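Enquirer: What follows is a structure written as C-alpha cells; I'll ask about it next.
Please treat every number below as a calculation from the coordinates, not as lab data. Remember, predicted model here, so these are calculated numbers, not experimental data. Glycine gets a Cβ as well: all are built from the backbone with ideal geometry, and neighbour counts include every protein chain shown.
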Amino acid sequence: METRANHVWVGAVTLILLGLLALFIVWLARLGTADQKEYDIFFNQSVAGLANGSEVTFAGVPIGQVSQIRLWEDDPGFVRVRIRVEPDAAILVGTTATLQSSFTGVSTILLDGARRNAPPITCETTACPEGAPVIPPKAGGFGEIIANAPLLLERLATLTERLTMLLSDSNQGEIAGILRNTNEISQALADTAPQTERTLAELQVTLREASNALVGFERVTGSADRVLNSTDRLLNQEGAALADEVRKTLNTANQAAEALTATLQDAQPAAQQLSQSTIPAANATLEDLRATSRALRQVTEKIENEGVSSLIGGQNLPTYDPDE
C-alpha cells in the first residue's frame, strides 16, 4: 500500500510540474508577443493556402505572422486577416498587403510600398472597424493567377473547344478557299504592279504640275496684292487731288452751262424776228435773184444763138396765107 501511495504522489507531482511548465511556456509566448502590433487586412479574393501562423514579410524580410482568419461579419464577401508584426516594423501610410501564393499551396502576406517620412498606420490615420488599423490590400500578379486558376482553366477549355469547332473539316475547306482567293488577289496585284507604278508616276507628275501651278498662282496673287496695294495707295494719296480737280471741272461746266442758257435766252427774240421777217424776205430776194438769173441766162443764150441784133430788132410776124 505504501508503494502504491508513493507512485500516486510521484504521478501527481509530475502532472503538477508539467502543468506549471506549460503555463510557463504560455507565459513566455505571451510575453514575447505582448509588444507586437496588430493590423487587419480585408481581402475580397480567395485566401487559399493562408493559415494561422503563415509568415508575414516586409519587402522579403520576415516581420510577423497571421494570427486570425475570419469572414467579415459586416460583408461576407471580404475575408478579414489579422496579422501580428514586430513593434519596430515601419508600417507607414502607403503600405499595401499582397497575398503571395506558390505552387506548393502555401501562401504568405507580403507588405511593401511604405513612403518615406509618412506617418505610421494607426486608428487616427486609417479606419479601425474591428479594433485594429487596416492595411489596404493590393492584388498580386502571381497570387491572382493562382487564385483564378480554375477560371482560367475553364476559359482555356472553352477556347480549345471553339478552336476545334473552327478547325472542322468543312471550315478547313472554307479556309483553303479563302487562301486560294487571297493568292489570286495577290497575283492580280502583282500583275497590275507595272500599271500601278505608271499611274503613281503620272500622279507624281500631276502633283508636280499642280505644285508649279500653285506657285504661279501664289505669284499672281502676290502681284494682284501689290496692284491692289498700289491702287489703294493711289486712291488714298492722289484720290483727294483728283476729286478736287473733278469738282473744279464740274463747277466750270456748271458755269458754262449757265452762261449758255443766258445767251440762248437773250438770242431768243432775235431768233423769232429772224424766223418771222428776215428769213421770208431773204427767201423772196432769193426768188427774185433766181428769176433774174434765168432771164440773164436766156438773154445770154439768145445772143450766142442769134447775135446782138436780135436784141434790137422787132419781133417777126407770122406769115399770113389768105387761102387759109
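Enquirer: Report the label-to-label distance for residue 170 and residue 22 in nanometres (one decimal), using points 7 Å from each Cα along the Cα→Cβ vector.
Expert: So the label points at residue 170 and residue 22 sit 7.4 nm apart.
Enquirer: What order do you get for 112, 75 when you list them from fewest to most C-beta neighbours inside 10 Å?
Expert: Numbers: 112 14, 75 10.
If I rank by nearby Cβ atoms, fewest first, I get 75, 112.
Enquirer: Got a sec to turn the phi values of segment 55-64 into Karplus ³J(HN,Hα) couplings, 6.51 cos²θ - 1.76 cosθ + 1.60 with θ = phi - 60°, whole Hz, x for Gly and Pro?
Expert: 3J(HN,Hα) across segment 55-64, in whole Hz: 6, 10, 10, 10, 6, x, 9, x, 10, x.
Enquirer: In whole Hz and in residue order, list the ³J(HN,Hα) couplings for segment 177-190 that follow from phi through the Karplus curve 6.51 cos²θ - 1.76 cosθ + 1.60, θ = phi - 60°; x for Gly and Pro.
Expert: In residue order, the calculated couplings are x, 4, 5, 5, 4, 5, 5, 5, 5, 5, 5, 4, 5, 5 Hz.
Enquirer: Another question about this same structure. For 57, 98, 192, what's the fewest-to-most ordering of other Cβ within 10 Å of each Cβ?
Expert: Working: 57 16, 98 20, 192 11.
Fewest to most other Cβ atoms nearby, the residues stand as 192, 57, 98.
Enquirer: Using modelled amide H (1.01 Å from N, peptide plane; none on Pro or chain starts), what sits under 5 Å from the amide H of residue 54, excluding residues fewer than 5 places away?
Expert: When sequence neighbours closer than 5 places are left aside, the close amide H contacts are 66.
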